[in-house]
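The values are calculated or read from the model by the stated rules, or taken from the named source; none is laboratory data. Just so you know, these numbers come straight off a predicted model, no measurement behind them. Heads up, the Cβs are rebuilt from the backbone with ideal geometry, glycines too, and the neighbour counts pull from every protein chain shown. Note: areas computed on protein heavy atoms with side chains; ligands, DNA, RNA excluded. Shrake-Rupley method; radii C 1.70, N 1.55, O 1.52, S 1.80 Å.
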Amino acid sequence: MYLNCPFCGHRHLEEFTYEGDATISWPTLDSQDIGSWTDTVYQRRNPAGPHREYWQHVHGCRQFLIVERDTTTHSIHKVEVAGPWAGETAPRNTEAKQ
Amino acid sequence: MHFSALSLARQALKGHRGWTRTWRALEQPKSHYDVIVVGGGGHGLATAYYLAKEHGITNVAVIEKGWIGGGNVGRNTTIVRSNYLLPQNNRFYEWGMKLWEGMSRDLNYNVMFSQRGVLNLAHSPAQLEGYMRRGNSMRINGIDAELLDRDQVARMVPGMDVSDKARFPVAGGLLQPRGGSARHDAVAWGYARGADSLGVDIIENCEVQGFLFEGDRIVGVDTVKGPVRAGKVGVAVAGNSSRVLAKAGFERLPIESHVLQAFVSEPLKPLIDTVVTFGAGHLYISQSDKGGLVFGGDLDGYNSYAQRGNLPIVQDVASMAVTLFPNLSRLRLLRHWGGVMDMSMDGSPIIDKSPKEGLYINAGWCYGGFKATPASGWCFAHTIARDEPHDLNAAFRLDRFRTGRTLDEKGAGPVPRLH
Ligand SMILES: Cc1cc2nc3c(=O)[nH]c(=O)nc-3n(C[C@H](O)[C@H](O)[C@H](O)COP(=O)(O)OP(=O)(O)OC[C@H]3O[C@@H](n4cnc5c(N)ncnc54)[C@H](O)[C@@H]3O)c2cc1C
Ligand SMILES: [Zn+2]
């Protein structure tokens, strides 16, 4: 598996670490609602098919990325930048190289 | 057909042509059962067997998407142990160990359970102290555990590098002498045969595609072979738990599906007569009766429903094997494959009634579910038959994440890939 990092280009899986589901939403930090904290911390949709997920390019630019990947085929549909720089670089597509 | 030395001799004289099918080949399910078990892996089959044997519920169907033994029960590295730290896990897995010890006789089917010992290596005094704590916790619960120093380890596993020159020198280890391995396919086949002979219907090639509801109550399943009604439905589909339970209305569960790979080398003369785990990384290795080294390591580490992994893990696992056993460096791999694990958020399983009436859940086995097969089936059968968990699985509740009663054996936190 290769990820096309918007900053560094096509890099091998070994350079990245996986950080899980990118679709979970967080309650406000002072929220006392146990239900929504439980959802955030423990409950996952775990879909078979397209999955939006965080990866960090630890052995590269160290940026957090949001990747859309198919969990049944491992093919990558899209790689975007997460955090304050999101939107400043165009999403990358990795169809050509798996 | 009863298996014995005599039946074997008789068949040998007849050129082994007289063996009959091990369980009935049923194409079509009946229209109604008392209990349907979804998933014909080890857990589903054991559940059906114990429902019939322990609770007299014989109008049962096991409904399997593919074929018996095609899931994780036929893909694992077959390590059986009960060397846990937390008493809830300890007691459950030890009950499993006792069932393993009587399994071949109980099923009249040789599952080749071999108590060759499971040795966890420690690579620092601190790690050895951690093992001491776990060993004491085991002994308090009546489980066998022995702490070995480096020399004892060296005598027990001669081919291993225990020198000071090793990258992670061996400091000692924790041994569970009663641990070992078993023939995984035989476990599936033995339970299938046992359940079938007590009247359970096993339907293969019959994917469950949805559930039948009456109001909020679940009253059966929808399959590729049509609807089948039931008083109760138990789901034991391992890596596919989220996928199947989504159809019953569970949008989210405390589970992620991950891929785990396993490896078998070309056959060798006897080299390793126990199960060894490397403690400075993640590797478990044993030798099969055919001579192949059977080993595995970490998950690939990302959500996956593909029963295949990627190359970094192959390299990682192989390099750990060579670190530990330098004499393996020129060995070739014969086969390797992957399986889809139902990784739970705390690394411990779920055997429980569900909030939906008529539906029972068995999931979250991570990569330790093979050893759990008998105890899981036994407890799940109890939970379904009596409509309440047994003491042994009372801690494996689905709502423990909300109530704060998680069972995080390693203290790794809510990150499935770390368990
Ligand atoms: C590589 C590898 C190594 C492992 N090593 C060990 C080990 O050394 N020790 C250990 O204790 N554990 C180990 N495990 C874990 C263990 O194999 C699993 O936890 C355990 O087998 C899961 O339970 P099961 O046998 O019921 O699963 P499975 O055999 O996977 O059974 C689930 C069944 O459900 C069926 N199913 C899915 N969806 C549907 C549907 N919609 N309708 C009908 N049926 C459906 C599947 O086809 C499958 O047959 C390992 C796993 C893997 C992959
Ligand atoms: Zn980068």
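Structure values in brief
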read-out	value
Net charge over other residues, Cβ less than 12 angstrom from the Cβ of B:VAL237 (K, R count +1; D, E count -1)	0
Per-residue HN-Hα couplings for segment A:23-31 [Karplus 6.51, -1.76, 1.60; θ = phi - 60°; Hz; x = Gly/Pro]	9, 6, 10, 9, x, 5, 4, 8, 5
Cα gyration tensor of chain B - equivalent ellipsoid semi-axes, whole Å, descending	35, 26, 20
For B:ASP164, solvent-accessible area (1.4 Å; no DNA, RNA or ligand), Å²	120 Å²
Gyration tensor verdict on segment B:271-339 (Cα atoms; rounded if a/c is under 1.5, prolate if a/b is larger than b/c, oblate otherwise)	prolate
Residue mean of other protein chain beta carbons inside 10 Å, B:298-308	6
Accessible area buried between chains B and A, both sides summed, probe 1.4 Å, in Å² to nearest 100	2300 Å²
Accessible-area value, B:SER163, 1.4 Å probe, nucleic acids and ligands omitted, Å²	40 Å²
Sequence ranges B:222-231, B:337-346, ranked by mean other-Cβ count within 10 angstrom, highest first	B:337-346, B:222-231
Among beta bridges that DSSP assigns inside chain B, antiparallel share in %, nearest 5	70 percent
Rounded to 5, percent antiparallel among DSSP beta bridges of the protein assembly as shown	80 percent
Degrees separating the helix B:87-107 axis from the principal Cα axis of chain B, which is the longest one	70 degrees
Protection proxy ranking of B:193-201, B:147-155, A:14-22 - average other beta-carbon atoms within 10 Å, highest first	B:193-201, A:14-22, B:147-155
Pairs beyond 30 Å (Cα-Cα), from A:LYS78/B:LYS65; B:LYS98/B:LYS290; B:LYS98/B:LYS353; B:LYS98/B:LYS225; B:LYS290/B:LYS371	A:LYS78/B:LYS65; B:LYS98/B:LYS225
Surrounding net charge for B:CYS366, when Lys and Arg each add one and Asp and Glu each subtract one, Cβ distance under 13 Å	-3
Alpha-carbon gyration tensor eigenvalues x 5, square-rooted, for chain A, Å	26, 16, 11
222 nm mean residue ellipticity, helices alone, for chain B (DSSP H n ≥ 4; -39,500 (n - 2.57); rounded to 500)	-9000 deg cm²/dmol
Phi-based couplings in Hz for segment B:152-159 (Karplus 6.51, -1.76, 1.60; Gly and Pro marked x)	5, 4, 4, 5, 6, 10, x, x
Shielding score for B:248-256, defined as the mean number of other chain Cβ atoms within 10 Å	4
Convex hull volume per residue for the protein assembly as shown, taking Cα atoms only, in Å³	176 Å³
Probe 1.4 Å, all protein chains present, accessible-area order of A:HIS10, B:HIS32, B:HIS184, largest first	B:HIS32, A:HIS10, B:HIS184
Whole-number percent relative contact order across chain B, with pairs defined as alpha carbons under 8 Å at least 6 apart	21 percent
Peptide A:31-40, shielding by other chains (average Cβ, 10 Å cutoff)	2
Euclidean distance of C-alpha centroids, segment B:209-288 and segment B:102-143, integer Å	23 Å
Accessible area of segment A:3-76 divided out per residue, in Å², using a probe of 1.4 angstrom	47 Å²
Three-way shape label, segment B:323-419, alpha-carbon gyration tensor, a/c 1.5	prolate
Shape category assigned to segment B:25-72 from the gyration tensor of Cα positions, a/c cut at 1.5	oblate
Mean residue ellipticity (222 nm) of chain A, computed from DSSP H runs ≥ 4 via -39,500 (n - 2.57), nearest 500	-2500 deg cm²/dmol
Relative packing of peptides B:122-128, B:16-22, B:185-191, B:45-51 - highest average C-beta neighbours within 10 Å first	B:45-51, B:185-191, B:122-128, B:16-22
Acute angle (nearest 10 degrees) that the helix B:311-324 long axis makes with the longest principal axis of chain B, alpha-carbon atoms	50 degrees
Between segment B:304-326 and segment A:1-72, the Cα center-to-center distance that results, in Å	23 Å
Residue-count net charge about A:GLU53 - beta-carbon cut-off 14 Å; Lys, Arg +1, Asp, Glu -1	-1
